[in-house]
Amino acid sequence: MRLIGPANENIGVVSTEEARRIARDADLDLVEVAPNAEPPVCRVMDFRKFLYERARKEREARKAQTKIEIKEIRLRPKTTAHHRSFKVRDARKWLDDGNKVRVRIRFKGREIDYVDLGLVDLKEVAEELADVATVEQPPTMEGRSVMLLLAPSKPKKKVGPASPVEP
């Protein structure tokens, strides 16, 4: 087997017994890192420390990931412009925070005959939010509702609390 020493130096091709003796003398573990290579590659290392560092890197990578949430505002064809402005204000805040917003207009009963009114409402909402959002998915009919998906036009990074400035 090919052996890599405790200080990442290439020791060369040695027998299994010799590799075990080197690991035992260094008070470390003998770990096979490439079993399919010809000859197989083993490394002398502290295996617990290796597992700990790998888990720590994975935790750091998970912290660095950003989750994009999809918030939703629900409207009806009979929703007034005044009431819609409250919903649009909430959507603007969510888009500024970096979340996506789904706008859904739900039709009840015979309202389904007036889908064109719902499309007009969706178009107005998209125009009101055009400065902070782009249309990611155009209006689509799904069951008894019409949906529109908006994404923030510029992703904002969340800034933590400001550090005090010394005079």
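The values are calculated or read from the model by the stated rules, or taken from the named source; none is laboratory data. Just so it is clear, the model here is predicted, and its values are computed rather than measured. Note: ideal-geometry Cβ built from the backbone for every residue, glycine included; neighbour counts use all protein chains shown.
Starting from the range 28-47, take each residue that is among the small types (Gly, Ala, Ser) and list its partners that are surrounded by fewer than 17 Cβ atoms within 10 Å (Cβ to Cβ), counting only C-beta distances under 9 angstrom and pairs at least six apart or across chains.
34/40
Which pairs do you get when a residue that is over 24 Å from residue 94 (Cβ atoms), found in the range 48-73, comes within reach of a residue that is surrounded by 10 or more Cβ atoms within 10 Å (Cβ to Cβ) and of a type in the set (A, V, I, L, M), reach meaning Cβ atoms under 9 angstrom, with the pair 6+ apart or on two chains?
50/31
If a residue has to be closer than 17 Å to residue 154 by Cα, modelled with pLDDT under 90 and not acidic (Asp, Glu) to count, how many in the range 71-98 make the cut?
1
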